[in-house]
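First comes the structure, then the notes that go with it.
The values are calculated or read from the model by the stated rules, or taken from the named source; none is laboratory data. Computed from a predicted structure; not experimentally measured. Using ideal geometry, Cβ is built from the backbone for each residue, glycine included, and neighbour counts are taken over all protein chains shown.
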Amino acid sequence: MANAGLALFDLAPDSPARRALAQIELGARRAGELADQLLTYSGKARTDVRPVNMSTLVEEMAELIRAGVSKNADLRCELDPHVPAVAADATQLRQVVLNLITNAAEALGEERGSGTVRTGVAEPDPVHRTPVIPSGEGPTGPCAFVEVADSGPGIDAAIQQRMFEQFFTTKFAWRGLGLAVVLGIVRGHSGALEVESTLGKGSRFRVLLPPAPFPVAVAPAPNAPAATAPLPGGATVLLVDDEPSVRDVSAQVLQRLGLTVLSAADGVEAQRLFRQYADTIDVVLLDMTMPGLDGDSVLRRLRAIRPRARVVLMSGFSKQDAAARVDAGDLAGFLHKPFGVQELREAVGNALLRPS
């Protein structure tokens with residue numbers, strides 16, 4: 001992902017290659033998110049709750065959604081531009097939409113039919129739709145919703161009662177694990193999940209989430225620094241990572257941002273460099289998982305040399321899980337792998353603003 005971002009440094013603003021690189025970066029990001037979903041099954045998924053606009057999320061997924069259904073199916077997106085933001089993990093919401101689309105596609109098969117993805121505002125309606133989550137556990141009042149409907153054969157009452165059980169399946173190839181994941185994610189977001197299905201007339205799944213209790217972050221101003229804009233101050237960064245590819249591309253990006261970089265391939269080298277240049281190193285980027293001295297051991301030794309060192313932890317684990325595995329103390333930041341140029345720039349820039 002950072003390699004694609006690095007290539008942008010040398011492209012003109014109007015270069016047609018920018019669009020292709022942006023797609024490569026997006027694909028890499030989605031691959032990382034897929035790995036996170038595998039962690040969901042093991043109970044170790046990261047949760048990154050932020051304001052999410054459901055209409056924007058579905059719009060960004062449009063091509064991926066259409067790729068998931070038969071060419072014989074007419075798929076429409078009906079998106080409410082005024083839907084309120086919800087407090088959610090965008091990656092998990094994408095998984096909800098994709099799993100529901102998968103089920104709609106399986107219901108339609110290769111037959112001609114139609115599917116609809118809608119967003120909007122509504123209150124939970126346990127009278128006209130079957131609530132999967134007991135009404136006392138879900139939200140009340142107006143909620144933002146995303147809904148997936150299909151014109152397939154419908155689902156009989158017996159299957160409706162069991163289709164959210166893990167590993168439940170039928171001859172129609174309903175994938176119980178996919179729907180179980182949907183239910184788990186919706187429950188984790190304190191939402192509601194409703195089903196409406198009639199044999200011979202199709203099915204409709206609706207996910208409702210309460211509006212975000214905090215304000216939506218505004219878009220960056222036109223004069224906000226770009227991902228490739230140099231960072232001020234000519235600071236020095238100690239980069240510690242045992243993966244040569246991560247270390248090399250990250251160092252190149254940091255240098256292009258105007259920073260001096262000291263690179264270490266392991267904890268022993270990191271300790272030596274930090275001891276030698278302790279007075280000039282402004283930020284340490286530290287990988288958590290390394291052979292020999294791991295991130296926790298290195299962090300303790302660096303703080304023994306300089307207690308208020310600015311350390312940004314890098315890991316493929318969630319922020320919470322990573323912090324539990326090290327003596328995190330007062331970390332200057334966290335970078336979740338894989339990361340791009342913008343994330344790297346923001347992490348270092350924010351760390352530099354902290355007192356040392």
- Item | Test: L302 is touching a strand residue (DSSP E or B) at 6+ places or on another chain (Cβ under 8 Å), surrounded by fewer than 20 Cβ atoms within 10 Å (Cβ to Cβ) and not basic (K, R) | no
- Message: Tell me the residue from V216, V237, V268, V207 that is β-branched (V, I, T), out of contact with any helix residue (DSSP H, G or I) (no Cβ under 6 Å at 6 or more places or on another chain) and modelled with pLDDT of 90 or more, please.
- Response: V268
- Of A322, A351, which residue is surrounded by 15 or more Cβ atoms within 10 Å (Cβ to Cβ), of a type in the set (A, V, I, L, M) and at pLDDT 85 or above? A351
- Go through the range 105-145 and give me each residue that's in contact with a helix residue (DSSP H, G or I) (Cβ under 8 Å, 6 or more places away or on another chain), among the β-branched types (V, I, T), more than 16 Å from R66 (Cα to Cα) and not in a loop (DSSP other than H, G, I, E, B). T119, T130
- Task: Tally the residues that are modelled with pLDDT of 90 or more and of a type in the set (D, E, K, R), restricting the search to the range 98-149.
- Result: 3
